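Report on the structure given below.
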Amino acid sequence: MTNFLKKAALAVAMSAVASMAAADGHGERYVMITHTQGTDPFWPVVEKGGRDAAAAIGATLEYNFDVSGDMAAMAALIEAAAASEPDGIIVSLPDADALGPAIKAAVADGIPVVTMNSGLESSKELGALMHVGQPERLAGEAAGGRAKAEGVTKGLCLNQEAFNTALVDRCEGYFAGLGGDLNMIDVSNDPAQIETRTAAALEADESIDGVLAVGPHVCEAATKAIEAVGADVHLACFDLSPGVMDMIEDGRASFTIDQQQRLQGYMPVIVLHLYNTAAGLLPGNNIASGPGFVDKSNAAAVKALAGIDR
Amino acid sequence: MSDRSEADRLQQETWLQRTIRRPEMGAFIVMIVIIVALTWASSGKAFNALGLKNNIQIIAQYGIIAIGAAALMIAGEFDLSIGSMIGFAGMSMALMLKWGLPFGLGEATPLAAFLATLVMTLTFGWIIGNIVVRSGLSSFIVTLAFLFFLRGVTEVAFRLINQSTQVSGLEDFKEDSWVAWIFGGEVFGWFYDAWFWIGQRFVDMGYGRTDQWFTLGGNLNRRGEQWVDGFDARFFWFILLAAVAMFIMNRTQLGNWIYATGDNKEAARANGVPVNRVKIGLFMFTAFCATLFAACQVFENNTSDAAKGNLMELFAIAIAVVGGTLMTGGFGSILGVVFGAITVGLVANAVFFIPEIDGAWFRVFLGAILLAAVFANERIRKRITGGI
C-alpha cells in the first residue's frame, strides 16, 4: 500500500512540474515532417536545427519522414501527427495537391502549422502561419547575376532530378539572371554519368563558359568534367559539402549558394513557440533562409560546419 | 507448322548463314546502327579522345552488372536486388574506410574493406539463392523483397554509424594502394599516349584543333595539353569479366549446366545437372558483379551515399534483353550482352554530344531500342529454333 502511495505522490508531483513548465512556456511538443527519403545529407542539418531550437526553449521535437518518398504516405504522417494533438506541426511542402488536405485538416483542428523548405507559393492558402525557406528562382537569379558579373556569357545548368520543380526553378532563375535561353541537361544522380554528360555537353558547344550545378555532388563531378575537357569554365554550385568547400578554396568553383537549411529547421520551432506563448506573436512576413553566398572569403569558416550546422 | 525437313539438317551452311543465326546478331545490328547514327549526329565528337573514354566508362559500368544479370536470366531467374546491393556494398566499403573494420578489428585498408564487403554481399547472394531454390518462390518476388531490405539496411547503417546518409571526402587511396588503383584508377594509358603522340605530329604538320581530322583523331585538349591519360578502370574489369564469362558459358561444363537449367530445369536435373547449386552460384555471381561496380564507384569518387545504384537493376535487365537474352531463360550469349551494353551505354551518354536535341530524349531512344532489339532477337531466336 505504501508503495502505491509513493507512486501516486510521484505522479502528482510530476504532473505539477509538467503543468508549471507548460505555464512557463516549456513542455511544448512539436512534430516536424519532411519529404526526405533518408538518402540526402541535406536533411540531417534541418533536423539538427529543429532539435537545437527545441532544446533551447525546453520543448520536444519529433522528426518523421517516409522512406518511400510517397506523398500519400507523407500526408498520412501529417494526419497521424495532427491526431496526436501537438503544439504545432512543421512540414515541408513539395506537393500541395497531395499534402494540402491533411494540412488544412490540421489547421481546422486548431493546430498551428509552419511550412518550410518547399511550398512557398501554396503555404498561405493552406492555412499555414508562414513559410521558412529559400525562394529557389530568386536564388537562381542571384547565382546568374553574379556569374554574369564574373564574366559568364553562355551558361549550362546541370540538373540531377529533372522532375524536381525546385531544381528547375534554380536553373530558370540562373538564366533569368545571366540572360539567354534555358540550357539545362538531366545529368542523373550517378557520379559517372554526371561527369560524362557534362563533358559531352561542353564538347558539343564550346561557347559555354559558365556552368551551374544545382546539387553539391553534381558540382564535385562537374569539376572533373571541366578539367577533362580542358575548358576555362566558371563553375557555380548550390548547397554545401566538404568537396565543394575544397573546390571553392582552391579556385575550381567560384561560389556556392547556401540555402542555410539549418534555419529551415530552427526558425519554425522558434516561430511556433512565440506564437503559442506570446498571444499569437508572428513575424510580419515569410522568412527567407537563403540565398547566402559561400565563396573564397568565407569558405574556410563555413567548411568547419558543413553537413552539421550549415 | 515449320517448313523445315530432315534434309535441311544435313545441308552445309555458309559462313554468312551461320553468322546471321547467332543469338547476338540482333544486338550487333542495333549497336552498329547506333554507332553510325551518333557519329554522324555529333559530327564525330561522341568518339573523339574524351568521348571514347567517357562512353566506355558508362558502357563498362552497365556491362559489369549486365553480365551478372544475363547469366542469371539464362538460367531462368531474375535479380532485382542488384541496385540495392550496389548501394549496400558502397556503403559498407565507405564506412569501413572512414570508421575502420567492424568489431574493433582496426583500420581498414582498401583490400580489407573490399574483401569484408565481398564476404557480406556473397552471403546475401547465397541467402537469396537458397530462398529461391528451397521455397520454390519466384525470384522476382524474393529479390524484390531484398531490393527493399538491402536499401533499408544501407540507410539505417549510414544513419547509425555515420549520422548522415552520405560519406564524402574520403582520402584518395589510389595514391598509395594498388587495390584502390585497380578499381578507381586509369588503365591502358599507352593507347592514349600513342594517340597524343600522333596528334602532336599532326600539329607539327600545321593542322589545328578545328580541322576535321582532329574531331576524331587528336588527343589534345583546348589548351594543347594531353587530353586523356587512360580509360576508366571499369573498362579493364568489364573486359576481364566478359572474357571469363564468355569462356565459361561457351567452353565449359558449367556453361552447359547454366543453359540446361534455364531451358528445362526438370530435364536438366534428370540429366545430373546440380540445378540448385548452379542457381545459388549465379545469385552469388550477381552479388559479386554489384560489389565490383560499387568498388569502382567508391575508389574513383572517394564517396558513397545511400541512394547509389538506384534503378541499376532495370538497366542490367534491359541490357541483357537488348543483348538477346530470353526472359524465360535458356537462351542468350555474353557477347550479345557486350553489344547490348555498348548500345545502351551510348544512348545514355552520347546523345549529350548533340547540341540540337534535349538530352532527356535518351530515355525515349532507350525505350525504342529496347523494343526494336526484342523484336529483332525474337526473329533470330525463331530462325535458330526452327520457328518454335
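The values are calculated or read from the model by the stated rules, or taken from the named source; none is laboratory data. Treat the numbers as computed from the prediction; the structure is a model and nothing was measured. Note that each Cβ is placed from the backbone with ideal geometry, even for glycine, and that neighbours are counted across all protein chains shown. We work out accessible area using only protein heavy atoms, side chains counted, and drop any ligands, DNA or RNA first. Shrake-Rupley method; radii C 1.70, N 1.55, O 1.52, S 1.80 Å.
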> In nanometres, what is the gap between the two model label sites at B:W126 and B:W99, each 7 Å from Cα along Cα-to-Cβ?
Replying inline: 2.5 nm
>> How large are Rg and Dmax for chain B when calculated on the C-alpha trace, in angstrom?
In response: 22.6, 72
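I'd like to compare A:43-52, A:298-307: which one has the highest average count of other Cβ atoms within 10 Å, and what's the full order after that? Display every interim value, and only then the final one.
Numbers: A:43-52: 21.7, A:298-307: 16.2.
The most tightly packed comes first, giving A:43-52, A:298-307.
What FRET efficiency would be calculated for the residue pair A:N64, B:N264, taking the C-beta separation as r and a Förster radius of 56 Å, to the nearest 0.05? Can you show the working numbers first?
Numbers: r = 51 Å, r/R0 = 0.91.
Between A:N64 and B:N264 the formula returns 0.65.
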> Which lysines, on any chain, are close to A:K124 with Cα under 16 Å apart, when same-chain ones fewer than 8 places away are left out?
Replying inline: A:K104
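Mind checking the mean number of beta-carbon atoms from other chains within 10 Å of the Cβ atoms in A:182-195?
Working: counts 0, 2, 3, 5, 7, 2, 4, 5, 10, 7, 13, 8, 1, 6.
Per-residue shielding by partner chains comes out at 5.
What does the average come to when, for each residue of peptide B:56-64, you count the partner chain Cβ atoms lying within 10 Å of its Cβ?
Details: counts 1, 4, 6, 0, 1, 4, 1, 0, 0.
Average neighbour count from other chains, rounded to a whole number: 2.
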> Given 25 °C and 0.890 mPa s, how large is the Stokes-Einstein diffusion coefficient of region B:241-304 in µm²/s, with Rh as the Kirkwood radius over Cα pairs?
Replying inline: 184 µm²/s
> Going highest first, how would you order A:261-271, A:149-159, A:111-121, B:269-279 by mean Cβ packing within 10 Å?
Replying inline: A:261-271, A:111-121, A:149-159, B:269-279
> With each pseudo-label sitting 7 Å past Cα toward Cβ, what's the B:W190-A:N298 distance in nm, one decimal?
Replying inline: 5.4 nm
>> I want to check the label-to-label distance for B:I161 and A:N285. Put each point 7 Å from Cα in the C-beta direction and report it in nm to one decimal.
In response: 4.7 nm
> Cross-link list A:K48/B:K308; A:K296/B:K45; A:K48/A:K224: which exceed 30 angstrom alpha carbon to alpha carbon?
Replying inline: A:K296/B:K45; A:K48/A:K224
> Short version: which residues of region B:328-357 lose at least 40 Å² of accessible area, all chains versus chain alone, 1.4 Å probe?
Replying inline: B:F352, B:F353
> Tell me, what HN-Hα J-couplings in whole Hz come from the Karplus equation 6.51 cos²θ - 1.76 cosθ + 1.60 at θ = phi - 60° for each residue of region B:321-336, using x for Gly and Pro?
Replying inline: 5, 4, x, x, 6, 7, 4, 8, x, x, 8, x, 8, 5, 4, x
> Suppose R0 equals 30 Å; then what is the FRET efficiency for A:K104 and B:A145 from their Cβ-Cβ distance, rounded to the nearest 0.05?
Replying inline: 0.20
>> Give me the percent relative contact order of chain B, please, defined on Cα pairs under 8 angstrom at least 6 residues apart.
In response: 36 percent
> Do you know which residues of region A:227-266 lose at least 40 square angstrom of accessible area in the protein assembly compared with their chain on its own, with a 1.4 angstrom probe?
Replying inline: A:A228, A:V229, A:G230
> Which cross-chain or sequence-distant (5 or more) residues have an amide H under 5 Å from the amide H of B:W227, H modelled 1.01 Å from N in plane?
Replying inline: B:L220, B:N221
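Write out the chymotrypsin sites (Phe, Trp or Tyr not before Pro) in region A:160-246 meeting two conditions: DSSP loop, and at most 15 other Cβ atoms within 10 Å of their Cβ.
On the way: sites: A:F163, A:Y174, A:F175, A:F238; in loops: A:F163.
For chymotrypsin sites (Phe, Trp or Tyr not before Pro) across region A:160-246 that sit outside H, G, I, E and B with at most 15 neighbouring Cβ atoms in 10 Å, the list reads A:F163.
Residue by residue through A:213-223, how many Cβ atoms from other chains fall within 10 Å of the Cβ on average?
Values: counts 0, 0, 0, 2, 6, 0, 0, 5, 2, 0, 0.
Rounded to a whole number, the mean comes out at 1.
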> For chain A, what relative contact order do you get, as a whole percent, if you take Cα pairs closer than 8 Å and at least 6 residues apart?
Replying inline: 18 percent
> What is region A:136-258's relative contact order, in percent, from Cα pairs under 8 angstrom and six or more apart in sequence?
Replying inline: 25 percent
> Taking B:K382 as the anchor, which lysines have their alpha carbon closer than 29 Å to its alpha carbon, excluding any fewer than eight residues away along the same chain?
Replying inline: B:K265, B:K279
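Efficiency by 1/(1 + (r/R0)^6): what FRET value for A:A76 and B:W361, r their Cβ-Cβ distance, R0 = 35 Å, to the nearest 0.05? Working shown, then result.
On the way: r = 37 Å, r/R0 = 1.05.
In this case the efficiency is close to 0.45.
Please return the longest range in chain B lying between exposed loop sites, taking GluC sites (Glu not before Pro), DSSP loop only, at most 16 other beta-carbon atoms within 10 Å, and leaving the sites out. Write out the running numbers ahead of the final one.
Details: sites that count: B:E13, B:E107, B:E171, B:E225, B:E356.
Longest gap between qualifying sites, sites excluded: B:226-355.
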> If you project the alpha carbons of region A:136-258 onto the principal axes, what extent comes out on each, in Å, largest first?
Replying inline: 30, 28, 26
>> Skipping prolines and chain starts, which residues have an amide H placed within reach, meaning under 5 Å, of the one on A:M32, given they are 5 or more residues away or on another chain?
In response: A:E62, A:Y63, A:N64, A:I90
> Using the Kirkwood formula over every pair of different C-alpha atoms, what hydrodynamic radius in Å results for the protein assembly as shown?
Replying inline: 27.8 Å
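Per residue, what volume in Å³ does the Cα convex hull of chain A take up?
Cα-based convex hull of chain A, divided per residue, equals 153 Å³.
What are the membrane-span-like helices in chain A by this rule: whole DSSP H runs, Cα extent along the axis at least 30 Å, mean Kyte-Doolittle hydropathy at least -1.0? Could you put the intermediate results ahead of the total?
Details: long enough: A:2-23 (31 Å, 1.15).
What comes out of the filter, once short or polar helices are dropped, is A:2-23.
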